[in-house]
Amino acid sequence: MSKESGQFKFLQFSDVHLDSRLSFLKLPLSITERQQRRREILEVFLLALEVARSEQVDAVLIPGDLWHNETIKGSTLTRIIDGCAELGHVPVIIAPGDRDCYSGDSFYNDDILHLYGLPTWPANVHVFKGNDFSTVKHPLYPHVAFTGRALLDSSPQSEHPLANPIPRDLDASINFLLLCGSIDGYAGVDKCHETAPYSPFSAEELEEAQFTYAALGHYQDYTEVLSGAGDILGAYSGSLAGRGFDELGPRFALLGTIQNNEFGAWQCNIEPLELDRRRMVMVSTDISGLTGEEMLEEITISIADQGGRIDSDLVFLQLEGNYRIDTNPSAIIDQLHYRYYNVAVMDYTRPDYLSESFDERTTEAKFVDSLLAMKKNAENFGGESDTTHTDANLIEDALYYGLDALRRKRVAVRDVD
Amino acid sequence: MWIERIDFAGYGNISGEKIEFKDNKLNLVVESNEYGKSTIASAVWAILYDFPDTGAQPGEREARKPSAVSKMPYIASIDITTNGTRLKVIRDFSDGAVQIVDRDQKNKDVTKQFRGPSGEDQVGLKLTGMTREMFRSTCFVGQRELDEHAFSGDSDLTSLFQGIADTSSSATNAGTAIEVLEDALHHFPYKGKRNKVEAVMRDLEGQYYELSDKIKKLESDKSQIGVDIRRVVKLGSEITDDTEQSGANEYFELCLEAADTDNRLIQAQTTIAKVSEFRQEMSSLGTMDGFPLTSVKRVEELWTRRQSRHADYDRYLQEMAPQLREYESHEKHTQDRFDGLNEFTTDEGKRVGVLAVSLYNMQAELEDLCQRRGDLDDSGESAPAPVLVQQSLDETDHENARSYIALIESFKEAITEAESKVDRNRMLIFDIEEQRKTKKVMFMMPGSNKKKEAEQAEAEIEKSRKQIDELNTKIRGLEARLDVLGQKIGMSSGRQLTAQLTGQSTPQSGKGIDARSSEGLDQLIAARQTSLSQIQAELEPFFVKAGRQAWDINPESATELADHITKYIEEQRQINSTFSAVKQSKQQLEFLANEIKVIDDQLKEIFSNAHLESSENIEEMHQQFFSKLASFHRWQVMSTELRKMESDMSSGFTPDELPPQVERLETIRMEIFARMQELIEQYPVIAEMAPPMSPPRRMNLGGSYSSKMYLDDLRRERDELTVRVRTVSMNHDQTYLTAVEELEQVSRELNNVRRAKTALELARDTLHKLSSETYVDWSTKLNEIAKEMIVNIGLDFDDLHFDSELRITARKKSDGQEINASNISNQLSTGTKEQLHWLARMVVSRFLSKGNPLPIVLDEPFSEADDERFLRVMQFLLDVLVVNHQVIIFSCHQQRHHWLISQLEPAQHAKIDFARRASLRG
């Protein structure tokens, strides 16, 4: 902290989800590639600590979900602890979230680490361990204090943590809040996957809590929370590194500064830093009616439009539409794999049989009508038909398998979820 | 539907033309090849349906485009009458645009009526009631489609009808599609292999349950860790002890921790040392990149072969050594004697011999000519004054002397003539020899046997020489007689007498003769000298080759050279003949030596690729290679081991990350020992106190459980739990996440396979059910139409029946006998069979066209039928088909169709119309 300017500098990041399971449905890569991605995420975490050191921050704030309790490995913990220790006197303040909650066997507990034969947390790391909010002073700057708490289990908690006044260090002029929870009105992709909110709160509640800055965790997307006057009350840094195509685009750590403004009040500025060289890019391309060359061109343009950087990003390409019968999308996909190493393709296309006219007297026409009716019926029954347990997609598969067999005398078995 | 005419603005190779067809007629387009018959036929489909979209591939649209030269738009139209409406369909093929006008309503545009709900082009579909492919398969009969073999089995026709009933496309029928789906179920693709879908599912289910059990076990272990941890915490709180014991406990724990740290430290240091050692050793082995490992086997093979060849070589050499020495001694002796002749061939030897003889003859002749020339000069310059001999010689001697002189003159003339002959022949031989050398003439050329000619010339020369010799002998005899006569009258020689007698008799003419002789001789001498020089020039390279002096080429040296060459070759032949076996062995040795050299070269190349130090000693290089191979193996083992170590994250760190960890562990270790020292200083007895783990449970003498023992047990339990927690967590770390992700993958694959199986089965079963229903439905309708049609046709059958599989059965009118599909093929005559098949086809066509009879187009039908059959089928078409359908036939067999006309009844004849292309302007 520069005494002349009175500026306090911090680095905030959360939702790193180290050693978490990477689902194929969100990251359609091989198991080995997913293992590689986990290693990359750990490297991004270590890079964040490196940035904290190079930027000479006064504190590192981690408001939750640093790892997943069920799957975190001893070797990863060792690297996390060593990395924090290398920061020396710079305090690392951690508020355990729902995935790395402070349970009975939490690795935030030195006794547990000791029991596992792992290194214990260095002195510069402070972990909030109680479910009630507590406050800790900055070891070097007594006018800076941090308030936070730990989530004790991973299940959603409906109680509003900010509904009642939160203790602050009244002696400190800068008070940080570290909070892992769901803010009302968040509109990120992960909101719709959330079964129930975790420790919900509103922006108003946050403003009323009167903290200089709130480092927020839990949600994946970078989101700033502003006061009625437009000042920054706090921010979600979002996930530090993407883990699938529900975490698209750049991911950030936040480099924040708190300093006195012209009126003598503290003002916070935050600068998002993109530390992961790999972005998740989702591209959806409709290849209906296109020739092979046109398909390739369309896909290339779509990837470019989405800002996909072919040499570094992981591109999830969703192919859709009905392709011309004289084209072969699998050949195009092969070419894509040849061109772009990091492209994962999900092929939802179908041959364009149904645009043709069928003579209603033929078996073929009856087959198409029958299966389309069956599919409609299945959709009307909420995805399941009344006679069988096959869902609408399965019936559609059957329709195209039948037409494949009739038209091409061969069947291309589909391999999509 | 009736096609009235087709107008071609520009379509294929037809531009600005039209063709007209009649209704209820058999329209014959009988023209030679390249007339455009197929183009006209294709235009019918193209105008009604447009070309099928072939995407980027060049399709029929491109193929039928009129040439740029014609400058005509790519447009064609067709005039049709359907259900009493007269329409014109105009198609612009450049973009597929279509316009339909009603010709009865002043060409009112009615295109809208022929579009589908989304505005799509449905002209063909609405006019014919069929899709393009169905229309083609029903109303178009291509070349050879009517041949007997196409109708020979019922299966073909049944599958044709089934195909029409099953799909609008021409690809296949439901039966084949069901087989395809069955095949997909029986050969289900999974991980690059094909297996029964059930087997794939079983395999995946096996994996699924195995992984599930593994995960359950790991999760159970993990929950047990939770229990263990709680227990350890509880134990910690239960273990209460006095200060000394507490110190002892801490000391003991520190001992454990120190041991653990030492253990990790040793492990890390060992790894670092090992990695460093490996790297150093690998570095000392030098670069092994590009070592031709794949060539090792080759080197071994080559080396074995080399050794084998060497052994053979040595054995041969040993076995043949005495003979070889002898052979070489002889050879050397010959070489020494005939130094420089070892390069000569037999032909060259012969050639030198011929040239030597020629040189000798030429030299002799030249000398003779020079002498004669000298004599002539002598006789001219120092002739004695003529002496009158008439008085001295008697008349008889005088006459004799004159006769002798005359004879001598005539003999000399004969000699001159013979010499000219010799010259001519020699020139001939020379020319032939020159031609042979320049290969202008081959001796084997027919009609000019130059070899024979040369031999004849040689014989002529020989003959002329003999003649010259004889004549010279005679002259010398006559001159001797003249000498005797001259001496009789006191003259010194016969030459004086001759001069006197000839001078007296014909002094002028005598002078003239002398003058002519001297000129002729000079010419001859010059010619001989030229020849002589030529022969010497020809001999010169041989002398040079033999290493002899080329400026000293004379008959003797040439003869000597020829003689030496002949002798050398002869001796060499004798040596070779005597030592043929030895020579063969020598050749064998040379062959072996050469082979060894080739092997050595190949080895050297491989050794060079292996970056060995270049050396002439192949044995040394071979040794070097295998020594490097051993190093390479070592290098490879170390490289693999190193990679393994480098990727080994079991300690949580890669080897390169270990050094700072070692430092950290060393610090921890020092801290532990410092603390231990502190404790010993504080409680000196603790180092000697029994550790809590040992001895194990024990009872005091009274059999009661002492508090010390209880505490020991608690500590022991705590330590055991600690070990278990660490072991289980390590196992969990290593396997859990991967197992979970594998389970997800297997589960996903299993779901997809199950889904694919169900979908394939659903497709198969639905197709099977619907095709059966379609066939039954069709058969009912087709039977109704067939019943109606067969009455009107008047065949010998009163019923044509389609069964539930669309197989046909016909019933004879005469005896009610039912003939099934296979018997139709086997028992009925070709004509009847074809009529029935035609009928069946027309029934299908009538059904599909919804009662609107469609035109039938035949492209070169019956091309392989004999005349009788051709006539019968055409009569059937005229009598039966043309009644309800417009028939258009394209053919190139003009004569056959003219013959057909001649065979038809007038009524049948009237139903034929010959159509031709005509200009649109006309």
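The values are calculated or read from the model by the stated rules, or taken from the named source; none is laboratory data. Computed from a predicted model, the values in this text were never measured in an experiment. FYI the Cβ positions are ideal-geometry reconstructions off the backbone, even for glycines, and counts take in every protein chain you see.
Taking B:T667, is it under 44 Å from the mean Cα position of the chain (by Cα) and more than 10 Å from chain A (Cβ to nearest Cβ)? Lay out the reasoning, then the answer.
Numbers: under 44 Å from the mean Cα position of the chain (by Cα): no; more than 10 Å from chain A (Cβ to nearest Cβ): yes.
For B:T667, the condition - under 44 Å from the mean Cα position of the chain (by Cα) and more than 10 Å from chain A (Cβ to nearest Cβ) - is not met.
With respect to the conditions (1) within 14 Å of chain B (Cβ to nearest Cβ); (2) outside any helix (DSSP H, G or I), A:I41 falls short on a single one, namely (2). The selection criterion, being out of contact with any strand residue (DSSP E or B) (no Cβ under 6 Å at 6 or more places or on another chain), modelled with pLDDT of 80 or more and closer than 21 Å to B:M789 by Cβ, does not hold for B:V873.
Per-residue answers, yes or no, for (1) away from every other protein chain (no Cβ under 14 Å); (2) modelled with pLDDT of 85 or more:
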{"residue": "B:R755", "(1), (2)": "no, yes"}
{"residue": "B:L760", "(1), (2)": "no, yes"}
{"residue": "B:I808", "(1), (2)": "yes, yes"}
{"residue": "B:A821", "(1), (2)": "yes, no"}
{"residue": "B:W838", "(1), (2)": "yes, no"}
{"residue": "B:M842", "(1), (2)": "yes, no"}
{"residue": "B:I856", "(1), (2)": "yes, yes"}
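So which of A:T135, A:T120, A:T147 is among the β-branched types (V, I, T), buried (at least 20 other Cβ atoms within 10 Å of the Cβ) and over 23 Å from the mean Cα position of the chain (by Cα)? Spell out the reasoning first.
On the way: A:T135 fails: buried (at least 20 other Cβ atoms within 10 Å of the Cβ); A:T120 fails: buried (at least 20 other Cβ atoms within 10 Å of the Cβ).
Only one candidate passes the filter, namely A:T147.
Taking the criterion of being surrounded by fewer than 24 Cβ atoms within 10 Å (Cβ to Cβ), among the aliphatic types (A, V, I, L, M) and in a strand (DSSP E or B), the residues of segment A:195-232 that qualify are A:V225, A:L226, A:I232.
Close Cβ contacts (under 7 Å, 6 or more residues apart or on different chains) running from residues in segment A:97-109 that are within 9 Å of chain B (Cβ to nearest Cβ) to residues that are of a type in the set (D, E) comprise A:S103/A:D153.
For B:T81, indicate whether it is surrounded by fewer than 16 Cβ atoms within 10 Å (Cβ to Cβ), among the β-branched types (V, I, T) and in contact (Cβ under 8 Å) with a residue 12 or more places away in the chain.
Values: surrounded by fewer than 16 Cβ atoms within 10 Å (Cβ to Cβ): no; among the β-branched types (V, I, T): yes; in contact (Cβ under 8 Å) with a residue 12 or more places away in the chain: yes.
Taking the combined requirement at face value, the residue does not satisfy it.
Strands (runs of 3 or more DSSP E) wholly in segment B:15-96 with at least 3 residues that are more than 30 Å from B:G119 (Cβ to Cβ) - which ones?
Where strands (runs of 3 or more DSSP E) fall fully within segment B:15-96 and carry at least 3 residues being more than 30 Å from B:G119 (Cβ to Cβ), they are B:26-30.
Within segment A:293-326, the residues that satisfy the criterion of being within 14 Å of chain B (Cβ to nearest Cβ) and either closer than 15 Å to A:G249 by Cα or out of contact with any strand residue (DSSP E or B) (no Cβ under 9 Å at 6 or more places or on another chain) (or both) are A:E293, A:E294, A:L296, A:E297, A:D326.
Residue-by-condition table, conditions (1) small (G, A, S); (2) touching a residue at least 60 places away in the same chain (Cβ under 8 Å); (3) assigned to a helix (DSSP H, G or I); (4) more than 7 Å from every other protein chain (Cβ to nearest Cβ):
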| residue | (1), (2), (3), (4) |
| --- | --- |
| B:V725 | no, yes, yes, no |
| B:N731 | no, yes, yes, yes |
| B:E741 | no, no, yes, no |
| B:R748 | no, no, yes, no |
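As a summary of the residue check, B:A268 satisfies the conditions (1) touching a residue at least 60 places away in the same chain (Cβ under 8 Å); (2) more than 14 Å from chain A (Cβ to nearest Cβ) except for the one numbered (2).
Each residue in segment A:1-25 was checked for being assigned to a loop (DSSP other than H, G, I, E, B) and either within 11 Å of chain B (Cβ to nearest Cβ) or more than 18 Å from the chain's Cα centre (by Cα) (or both), and 12 pass.
For every residue, the table says whether it meets (1) modelled with pLDDT under 95; (2) surrounded by 20 or more Cβ atoms within 10 Å (Cβ to Cβ).
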{"site": "A:G64", "(1), (2)": "yes, yes"}
{"site": "A:W67", "(1), (2)": "no, yes"}
{"site": "A:G88", "(1), (2)": "yes, no"}
{"site": "A:S106", "(1), (2)": "yes, no"}
{"site": "A:D110", "(1), (2)": "yes, no"}
{"site": "A:G130", "(1), (2)": "yes, no"}
{"site": "A:S154", "(1), (2)": "yes, no"}
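Taken over segment B:763-780, residues that are in contact (Cβ under 8 Å) with a residue 40 or more places away in the chain and at the interface with another protein chain (Cβ under 9 Å from one of its Cβ atoms) amount to 8.
The residues in segment A:400-414 that are facing another protein chain (nearest Cβ under 7 Å) and in contact with a helix residue (DSSP H, G or I) (Cβ under 7 Å, 6 or more places away or on another chain) can be counted, and the count is 9.
Tell me, yes or no, whether segment B:293-306 has at least one residue that is within 30 Å of B:M645 (Cβ to Cβ), in contact (Cβ under 8 Å) with a residue 24 or more places away in the chain and not polar (S, T, N, Q). Checked segment B:293-306: at least one residue is within 30 Å of B:M645 (Cβ to Cβ), in contact (Cβ under 8 Å) with a residue 24 or more places away in the chain and not polar (S, T, N, Q). Can you spot a residue in segment B:44-63 that is at pLDDT 85 or above and more than 51 Å from the chain's Cα centre (by Cα)? Checking segment B:44-63: not a single residue is at pLDDT 85 or above and more than 51 Å from the chain's Cα centre (by Cα).
Restricting attention to segment B:100-136, the residues being among the hydroxyl-bearing types (S, T, Y), away from every other protein chain (no Cβ under 11 Å) and surrounded by 20 or more Cβ atoms within 10 Å (Cβ to Cβ) number 0.
Yes or no: B:T304 at pLDDT below 85 and surrounded by fewer than 17 Cβ atoms within 10 Å (Cβ to Cβ)? Can you show your working first?
On the way: at pLDDT below 85: no; surrounded by fewer than 17 Cβ atoms within 10 Å (Cβ to Cβ): yes.
Here the answer is no, as B:T304 does not meet what is asked.
Would you check if there is a residue in segment B:201-212 being under 53 Å from the mean Cα position of the chain (by Cα) and on the phi > 0 side of the Ramachandran plot? No - not one qualifying residue is present in segment B:201-212.
Looking across segment A:242-268 at every residue that is small (G, A, S) and farther than 18 Å from A:G307 by Cβ, the one that is surrounded by the fewest Cβ atoms within 10 Å (Cβ to Cβ) is identified as A:G264.
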